[in-house]
Every structure is written in C-alpha cells, then in structure tokens.
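Nothing in this text is a laboratory measurement; each read-out follows from the coordinates by a stated rule. Everything quoted here is computed from the prediction, not taken from an experiment. When we count neighbours, we look across all protein chains shown, and the Cβ atoms used for this are built from the backbone with ideal geometry, even at glycine.
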Amino acid sequence: MSAATMTMRILIPAAVGAIALLQPAWAEPAADVRVTYSHGQFQPGVVSAPVDKPVVIHVKNLDAKALEFESTSLRVEKVVAAQSEGIVNVRALKPGRYEFYDDFNDKARGALVVE
Amino acid sequence: MRTTRHPARRSIPHAALALCALAALLGGTAAARAQDASSWREIETKYIFGFTTGSGIGLEGEKEFTVDSVGRFGKRDGHYAATETKYEFEFTPSQFVQIEFGALGSSHNIGGMTDLDGRNQAAFGGGFAEFRYLAVERTSNNPLSVTLAVEPTVRLIDETSGARVQNYEFETTVNADLELLKNRLYAGFNLLYEPEVTRTAIDGTLREATFGGSAALSVRLAPNLLIGGEVWYLRHYDSPTLSAFTGDALMAGPTLYVKFTSKMFMTAAWNAQLWGREVGNPLPLNLAEFQRHRARLKFAYEF
C-alpha cells in the first residue's frame with residue numbers, strides 16, 4: 001500500500017466524521033434576545049432565555065465605534081460595526097449564567113441567564 | 001520508534017523538579033487569593049495545562065495560527081536533542097467542533113550514542129490534522145468539560161532517530177478539565193491512546209502504541225497569567241492492541257500560560273522523567289521509548 005493510499009484511508013473517515021458534526025443542531029424555533037450597546041455598556045446588563053432552546057442574540061450597537069461581542073462560555077464572537085446590528089446564533093443552552101463582553105472594551109460586561 | 005535497549009550509566013531521578021512545581025503552585029495559590037477574580041473574564045482552558053490539553057475548542061468562527069515546538073532531550077549515553085514543531089492553523093466552525101491542520105518541522109542533534117546514528121539535521125517532517133468534539137460542556141452549574149480528539153499524523157522523519165521513514169500515527173485523546181474555583185483554579189486530565197505504524201528501509205514495518213494519561217493543576221495568578229504543574233504516566237507497547245508491553249515512565253514538571261493580548265498568548269511546559277522501567281533492563285528510567293526531559297513552547301495568534 002502506498003503512503004498516499006494509507007494517508008487517505010486515515011484522513012477521509014476522520015474528515016467525514018468531522019463534517020457530520022458540523023450540521024446545525026438548532027432545528028427548533030429560537031428564542032430572541034435583544035441587547036443594546038451604548039456609551040460603552042450593554043443594556044440591559046443581564047438578559048434571560050429559556051432552557052434547551054436555541055437563542056438568537058440581536059446586538060444593536062448605538063456607539064460610534066465597532067464592538068466585538070464575545071463569550072467564552074457561549075463560544076461565540078461577532079464584530080458589530082458602529083451604529084449597526086449584529087446577530088449571534090447560539091445553540092440550545094443548559095441552565096446557567098453565561099457571561100459576555102466587548103472584546104474591545106474591558107469594562108463592557110453582561111450576562112445571559114438561562115432558566 | 002523506540003531505540004534498542006542497552007546498559008548505560010545510572011541517572012538521578014528528578015524529584016526536585018516536582019517539588020519546585022508544587023512550591024510554585026502553592027505559592028501561586030496564595031498570591032491569587034489576594035486578588036478578586038470575580039471581575040476576570042472566563043478563560044479558554046485548552047492550553048493552560050502544558051502538555052496536558054484542556055477541553056476548550058475556541059469560539060465559533062475563530063481562527064488561530066500557532067507555532068508549537070516540543071523538544072526531547074537526553075537518552076542513556078552520548079548527547080541527544082530532538083525537536084518537532086507544528087506550524088498549525090486551527091478554526092472553530094461550530095460551537096462543538098474544532099479542526100486543526102498543519103505541517104511538521106523536525107530537528108535532530110545526536111552524537112556518541114550506542115544505538116542511534118549521529119546526525120545533525122533539520123527537515124520538513126510531515127503533516128497532521130486534528131478533529132476535536134466537545135462532548136460535555138461547562139456551565140455555571142457544571143464545572144466539568146470534556147472534549148474528544150483524534151489526530152492523524154504522517155511523518156517522513158522518525159521522531160526519535162531522525163532517520164527517513166514512513167510513519168502513520170493516530171492519536172486519540174480525551175481532554176477533560178474542571179474549574180475548581182471560579183476563574184482561579186483548574187484541574188486538567190488527559191487519557192491518551194496513540195497507535196502508530198512505521199516503515200523503515202532497514203527494519204521493515206514496526207507497529208507500536210503508547211497508552212497513558214495525565215493530571216494537571218493550573219492556578220490563575222492574574223487575568224493573563226497562569227502557572228501550574230502536571231504529571232504524565234505513559235506505557236509503551238510493541239503492538240497497537242496493547243498486548244506487548246515494553247516499558248513505562250512517569251514524568252512531571254511545571255507549566256506556564258501567558259496571554260499577551262486578547263488575541264495572542266504563549267504556553268510553556270517542562271517535564272522530567274521521574275521514574276521509568278524498560279522490560280528486560282534493570283537500569284532506572286525508561287530511555288528507550290521516552291527521554292530524560294521534554295519541553296514545550298507554543299505561541300498563538302487568534303484572528
């Protein structure tokens with residue numbers, strides 16, 4: 001067996017498995033959550049969403065400079081240009097508190113509470 | 001590919017290293033208590049444990065370029081230094097999957113050894129890909145996070161000897177971590193199964209496997225600084241089915257993680273072999289399959 005053949009035998013099944021895992025998991029209707037960013041702060045600072053339901057976070061940036069909506073626990077990041085709105089799709093979540101922040105502004109913090 | 005066993009000089013266990021790591025960890029814990037971590041951002045755990053890999057898979061849409069070098073130093077006799085560097089691109093296409101791939105560069109500086117030819121070379125070493133799936137996710141109510149990973153690798157240069165080979169490795173790992181104290185203290189655990197087959201011009205086809213695991217602790221001293229320690233126990237077999245045991249080793253050492261900016265970080269780790277045995281060889285340590293020391297230095301840039 002050639003090196004190329006053996007390499008393909010290893011890599012192709014692994015790639016197929018990985019692609020299968022990429023399929024979106026949110027077939028059911030999502031819950032909408034709206035957050036406004038103004039004067040370097042998220043408003044409201046705490047928002048809520050239902051358990052086990054995908055979430056769509058609408059981030060409206062009213063400031064004159066861009067923000068990067070980011071969350072380690074939500075595992076999302078999204079740059080929202082000045083005076084525009086960004087949409088962040090989040091998987092169905094388990095109960096808990098998920099913190100988010102503006103990666104360009106250390107003082108801008110917020111949280112999504114799922115209950 | 002392991003080296004042939006042979007008698008050689010006695011080595012000294014490196015218990016002092018483990019003590020240093022423990023002291024640093026305890027000292028770090030005390031220092032961290034003095035700061036309020038509640039205002040710190042959550043941290044990505046993948047690279048905070050040294051050779052032990054955390055469960056983090058990054059953020060959806062995030063891309064990262066990394067240079068990850070691992071050096072292995074010291075065998076029974078002569079001088080031995082080998083490095084393997086991954087030039088790696090990784091991205092996170094969904095909130096559950098991370099994919100990485102890249103090229104390998106290797107270097108070998110070997111001289112005066114009984115079982116390995118002397119050589120001083122640097123070469124393109126091969127390529128790899130890694131697929132990571134987040135199986136259990138951490139929430140504010142569940143401190144445990146678990147990721148399953150597979151990493152097929154093709155090498156053209158033998159990791160140990162530096163000789164030209166065809167080597168196919170399929171590393172399979174379970175990466176788990178626990179947030180013991182919110183934003184402050186983390187424990188990491190890895191389970192490793194790494195079968196491989198190597199074709200050489202002289203020895204024909206060799207099949208082997210490494211099996212083992214690790215435990216690590218990492219304390220966050222400041223928002224962008226973590227230090228810790230880790231312990232690895234690895235077993236080597238001359239069979240992918242784990243039926244021909246040839247030796248094992250226990251390694252330990254300190255770890256460091258520094259985040260320079262929100263998009264750039266480095267991690268460093270050093271392990272020394274504290275204990276080991278080779279089947280059929282009464283000498284201490286296992287230097288046929290493993291090395292006296294190994295070190296890791298990784299730089300990453302996210303975009």
Candidates B:A269, B:A176, B:A135, ranked by Gaussian network fluctuation over chain B, Cα under 10 Å, top entry: B:A135
Name the most mobile residue of B:T52, B:T241, B:T267, meaning the one with the largest mean-square fluctuation, in a Gaussian network model of chain B with Cα contacts below 10 Å. B:T241
Which value, in debye to the nearest 20, gives the size of the charge dipole of region B:15-295 about its Cα centre, when Lys and Arg are +1 and Asp and Glu are -1 at the Cβ? 720 debye
Label-point separation, A:K53 to B:N120 (7 Å along Cα→Cβ), nm: 7.0 nm
For A:F100, the net charge from surrounding residues (Cβ-Cβ under 12 Å; K, R +1; D, E -1) works out to -2
Rounded to a whole number, the Stokes-Einstein D of region B:147-303 in µm²/s (Kirkwood radius over Cα pairs; 4 °C; 1.567 mPa s) is 75 µm²/s
Antiparallel as a % of all DSSP beta bridges within the protein assembly as shown, to the nearest 5? 95 percent
Tell me, what is the Rg over Rh of chain B, with Rh the Kirkwood radius over Cα pairs? 0.97
Quick one: if the Förster radius is 30 Å, what FRET efficiency do B:N224 and B:V136 give, using the C-beta to C-beta distance and rounding to 0.05? 0.65
Computed over the Cα atoms of the protein assembly as shown, what is the ratio Rg over Rh, Rh following Kirkwood? 1.01
Contour minus Cα-Cα span, B:Y87 to B:F303, at 0.36 nm per residue, comes to 76.2 nm
Could you list B:I202, B:I48 so that the one with the fewest beta carbons within 10 Å of its beta carbon is first and the one with the most is last? B:I202, B:I48
For B:V165, enumerate residues with amide H under 5 Å from its amide H, sequence gap 5+ or separate chain, H modeled in the peptide plane. B:I157, B:D158
Cβ-based charge dipole, the protein assembly as shown, positive-most Cα from B:F290, A:F69, A:A49: B:F290
How big, in percent, is the set of alpha carbon pairs in region A:31-114 lying more than 18 Å apart? 31 percent
Below 8 Å between Cα atoms, with a sequence gap of 6+, how large is the relative contact order for region A:35-82 in percent? 32 percent
Kindly write out, for region B:288-299 in residue order, the coupling ³J(HN,Hα) from the Karplus curve 6.51 cos²θ - 1.76 cosθ + 1.60 (θ = phi - 60°), rounded to whole Hz, with x marking Gly and Pro. 7, 9, 10, 10, 5, 9, 9, 9, 10, 9, 9, 10
Quick calc: nm separation of the 7 Å Cα→Cβ label points for A:S84 and A:N105 -> 1.7 nm
Distance in nm between pseudo-label sites at B:D238 and B:K63 (7 Å out along the Cβ direction from Cα): 4.7 nm
